[in-house]
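*Asks:* Below is one structure. I have some questions about it.
The values are calculated or read from the model by the stated rules, or taken from the named source; none is laboratory data. Everything numeric here is computed off the predicted structure, so don't read it as measured data. Every residue, glycine among them, receives a Cβ derived from its backbone with ideal geometry; neighbour counts consider all protein chains shown.
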Amino acid sequence: MKVQNLKGFRDFLPKEARKRQYVIDKIRGVFESYGFEPLETPALEYKEILTGKYGEEEKLIYDFKTRGGDEVALRYDQTVPLARVIAQYQNTLPLPFKRYQIQNVWRGENTQKGRYREFLQCDADTVGSSSLVADAEIIRLVLSIYETLGLEVKIKINDRKNFETLDKNIVSAIDKLEKIGESSVLSEMVEKGMNEKDAKKVLSVLSNKPQTKDIKMILQNLEEMGADTSKVIYEPTLARGLDYYTGIIFETVTEGSTSSICSGGRYDNLIRNFTGRQIPAVGFGLGFDRTMEVLEEKNLLPASESGTKVLVSVFSEELGKESIRISNILREKGINTELWIDSQDKLDKQLKYASLKNIPYVLIIGPEEAKNNTATLKNMESGEQKNLSLEGIASELI
RNA sequence: GUGGAUGUAGUUCAACAGUAGAACGCCUGCUUGUGGAGCAGGAGGUCGCGGGGGCGGCACCCGUCAUCCACCCCA
């Protein structure tokens, strides 16, 4: 038996899980502050819901057949399930529908830094409006989240309409301009069937394309929304991979991560695949794990604190009952209290445990204390100890 | 899918082809009511797995699996 995780799948031990929860809470808070509501969808979808939506990369979708013979697949992103939900509940959901979704997605890719097979995405989308205010608000939201987290970011933005006449393969070559440089892009374009002269021309026209009307409008809206538009950079060669984008597209980058940490765009035709009705939408997916890694690197996460306020130690088997009783009282008063279980363990072991777990206080109830109906409260950081009544302990800890 | 690097104690890493080691962590004691520091002691390893040549392999060769990094693509 191999005791190990699947490749690309991870455990989060308490210390790390706590940090993740902290960041998730922050992100959720920003989503809520813009009036977005939570949505959760199942991990599994019928395979046909997912296939045909993403383009070339569909071999990365985890799929299998159930015992009953259904072809199913693990959620690959949160946009397509959202489209399914919109179609399925179109008569009950009021439009515009603004939702956020914080759930795992799965992709069978080869792992590397910042890339896993199971990872958490934080999505927000506005469905049912083609107004550019919606686009601007989505970008504003991204900026707000990273402001809240204290991370400096830049958002590269473009309009898919700039590529309307171009072949998909050519577009994906052009997308690499910043990464591999002009000459490599040109040779890739030639490889994909353009003659060199045309390739050069297309590239130079595209690189110098002025902002589209939509982009200008979005930037203006962002200005009105109080966003720092110097962080939003027009990049006419930005393309992005997913097939379903139709209008603006954007990618969020930050120093310390080579790949984008949050990206999205407008997809006005995707939902039509499910409803037959055209319902416009715009949104993004935030790469939670990549964001965490950068926050960690830049020391933007608070020192890990225990959620437990006090460890109630146990002095002896007889006095154990007293520890149990007091633990209950403290919890009733709303104090997070851990009770030491094994009454034969020595006090030093219990103190060491509290210290390792960063529990700020330890309560000691020995024979002396029990006799006087008090307990000794030890502050683990200062080492200071106080002999207190129950009331005194509670007021000290709250 | 492609390429590179690395697999030795719980962790991070040593060890010329000739008896597998250190640091940290863990356990016990110094200290029968007090954690972090110190001292003394202790537990813990089929050297990833399989094969090959060799008197002899942790070390060399081949294969395989795993991990990490990069490409592709993406979050």
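*Asks:* Determine which single condition A:Arg277 fails, assuming it passes every other condition in (1) under 24 Å from A:Gly114 (Cβ atoms); (2) surrounded by fewer than 18 Cβ atoms within 10 Å (Cβ to Cβ).
*Replies:* Unmet for A:Arg277, out of (1) under 24 Å from A:Gly114 (Cβ atoms); (2) surrounded by fewer than 18 Cβ atoms within 10 Å (Cβ to Cβ): (1).
*Asks:* Now, a different point. Return a yes/no flag: does the stretch A:184-202 have any residue that is within 33 Å of the chain's Cα centre (by Cα) and at negative phi. Give the steps one after another, and end with the answer.
*Replies:* Taking the stretch A:184-202 and keeping what is within 33 Å of the chain's Cα centre (by Cα), we get A:185.
Within this subset, residues satisfying the condition of being at negative phi are A:185.
Scanning the stretch A:184-202 turns up at least one residue that is within 33 Å of the chain's Cα centre (by Cα) and at negative phi.
*Asks:* Being more than 16 Å from A:Arg20 (Cα to Cα) and more than 6 Å from RNA strand B (Cβ to nearest atom) is the filter here, so list the residues in the stretch A:107-122 that pass it.
*Replies:* A:Gly108, A:Arg117
*Asks:* Do we have A:Gly256 as touching a residue at least 12 places away in the same chain (Cβ under 8 Å), in contact with a helix residue (DSSP H, G or I) (Cβ under 9 Å, 6 or more places away or on another chain) and crowded, with 18+ Cβ neighbours inside 10 Å here?
*Replies:* Details: touching a residue at least 12 places away in the same chain (Cβ under 8 Å): yes; in contact with a helix residue (DSSP H, G or I) (Cβ under 9 Å, 6 or more places away or on another chain): yes; crowded, with 18+ Cβ neighbours inside 10 Å: no.
So A:Gly256 fails the test.
*Asks:* Continuing with the same structure: Pairs under 7 Å by beta carbon, first residue within 14 Å of A:Lys200 (Cβ to Cβ) in the stretch A:165-181, partner within 11 Å of RNA strand B (Cβ to nearest atom), six or more apart or different chains?
*Replies:* Close Cβ pairs satisfying both conditions: A:Ile170/A:Lys192; A:Ala173/A:Val185; A:Ala173/A:Glu188; A:Ala173/A:Lys192; A:Ile174/A:Val185; A:Ile174/A:Ala239; A:Leu177/A:Val185.
*Asks:* Shifting gears a bit: So A:Phe64 fits all but one of (1) more than 30 Å from A:Ile218 (Cα to Cα); (2) modelled with pLDDT of 90 or more; what number is the exception?
*Replies:* (2)
*Asks:* Residues that are within 14 Å of RNA strand B (Cβ to nearest atom) and farther than 24 Å from A:Arg115 by Cβ: find the helices (runs of 4 or more DSSP H) completely inside the stretch A:180-263 holding 2 or more of those.
*Replies:* A:182-191
*Asks:* Let me ask another. Check off (1) more than 10 Å from RNA strand B (Cβ to nearest atom); (2) closer than 30 Å to A:Val142 by Cβ; (3) among the acidic types (Asp, Glu) for A:Glu293 and give me the number that stays unchecked.
*Replies:* The single condition A:Glu293 does not satisfy is (1).
*Asks:* If you don't mind, another one. Could you pull out the residue among A:Gly307, A:Gly392, A:Gly285 that is under 30 Å from A:Leu149 (Cβ atoms) and away from RNA strand B (no atom under 11 Å from the Cβ)?
*Replies:* Just one listed residue meets the conditions, A:Gly307.
*Asks:* Residues in the stretch A:31-82 that are more than 22 Å from the chain's Cα centre (by Cα) and of a type in the set (Val, Ile, Thr): how many?
*Replies:* 4
*Asks:* So the check is Cβ under 6 Å with 6+ separation or different chains; which pairs have a first residue in the stretch A:271-297 that's in a helix (DSSP H, G or I) and a second one that's crowded, with 22+ Cβ neighbours inside 10 Å?
*Replies:* A:Phe274/A:Ala83; A:Phe288/A:Cys122; A:Arg290/A:Ile261; A:Thr291/A:Ile261
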